Amino acid sequence: MADPSNTLYVVYDNVSLREDLRPDWGFSCFLPGQGILFDTGSNGALLLENMRRMGLRLEDVQSVVLSHAHWDHVGGLSAVLSSVGRPVTVFLPGSFPDQFVMQVEDMGAECRRVRMPRMICPGVHTTGELGIGIPEQAMVLDTNDGLVIVTGCAHPGILDIVKRARDLFGRKVDLLVGGFHLMYSGAREVEWIGERLKSLEVEHVAPAHCTGKEAIEILCASFGDRARRCGVGWSFPFSELRG
């Protein structure tokens with residue numbers, strides 16, 4: 001059994017790996033050991049039910065990291081804040097609308113706008129705000145066993161996110177997980193991105209959400225046994241990075 005304090009759990013995605021968990025368009029994952037919920041999907045009730053069925057305690061949530069302002073990543077936030085029962089810190093890109101921030105603070109949360117890379121807690125960092133059209137931040141886990149990047153939609157470009165993480169930590173990326181935003185990309189472009197990820201020393205990939213079905217198949221074929229099939233119910237113990 002995985003050690004929950006050192007495990008990443010996907011709790012919201014448009015693909016489900018278990019019959020008792022409901023898929024829906026959006027993304028969210030949870031780090032119970034650090035008390036960090038990354039994104040909140042689009043439906044708060046569904047998010048909370050998936051977490052309950054996975055045996056994950058909402059009361060363990062200490063902080064919420066939002067990747068970007070799209071509904072399928074922030075829609076469940078109000079349900080989370082209402083259900084935790086105590087103040088929560090929300091880390092969000094500095095470009096988020098003021099009205100959104102005010103509404104979150106009215107619910108008792110503390111909002112921290114992120115523009116530059118910063119530490120969220122020991123071992124967990126944000127890349128800082130990236131991109132122009134749709135600004136976004138990704139989360140980087142600097143574990144004892146390797147570097148993990150978690151993305152929401154990767155609107156600034158999955159390659160640019162990986163490059164930022166490598167620049168920040170000077171280490172190779174052992175696992176890249178989340179939405180890669182390749183659902184509108186052609187097969188040749190996806191193949192090229194897969195090769196570029198390898199050249200950037202990305203060891204394992206777990207593409208999800210907006211990566212797109214065809215792109216996921218191409219990346220999984222490219223990475224072979226170094227690819228992970230992601231979806232609601234997927235968990236990844238960091239100890240697997242040792243292999």
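Each value in this text was obtained by applying a stated rule to the coordinates, not by laboratory testing. Bear in mind that the values here come from a model prediction, so they are computed numbers and not experimental data. Note that we place each Cβ from the backbone using ideal geometry, even for glycine, and neighbour counts take in every protein chain shown.
By the scheme Lys and Arg +1, Asp and Glu -1, what is the net charge of all other residues having a beta-carbon under 15 Å from that of K213?
Every neighbour counted, the sum reads -2.
Place a +1 charge on the Cβ of each Lys and Arg in the chain and a -1 charge on the Cβ of each Asp and Glu, then give the dipole magnitude about the Cα centre in debye, rounded to the nearest 20. The partial results should precede the final answer.
On the way: 23 positive and 30 negative charges, 64 e Å.
So the dipole magnitude of the chain works out to roughly 300 debye.
Give the residue list of chymotrypsin sites (Phe, Trp or Tyr not before Pro) in the stretch 177-235 that are DSSP loop and have at most 15 other beta-carbon atoms within 10 angstrom.
Details: sites: F180, Y184, W192, F223, W234; in loops: F180, Y184, W234.
Within the stretch 177-235, the qualifying chymotrypsin sites (Phe, Trp or Tyr not before Pro) (loop, at most 15 other Cβ atoms within 10 Å) are Y184.
Check each of the GluC sites (Glu not before Pro) in the stretch 125-214 and keep only those in coil by DSSP with at most 13 other C-beta atoms within 10 angstrom; list them in order.
E201
Test of the criteria: in the stretch 212-243, which trypsin sites (Lys or Arg not before Pro) are in a DSSP loop and have at most 12 other Cβ atoms within 10 angstrom of their Cβ?
Taking the stretch 212-243 and a limit of 12 other Cβ atoms within 10 Å, the loop trypsin sites (Lys or Arg not before Pro) found are R229.
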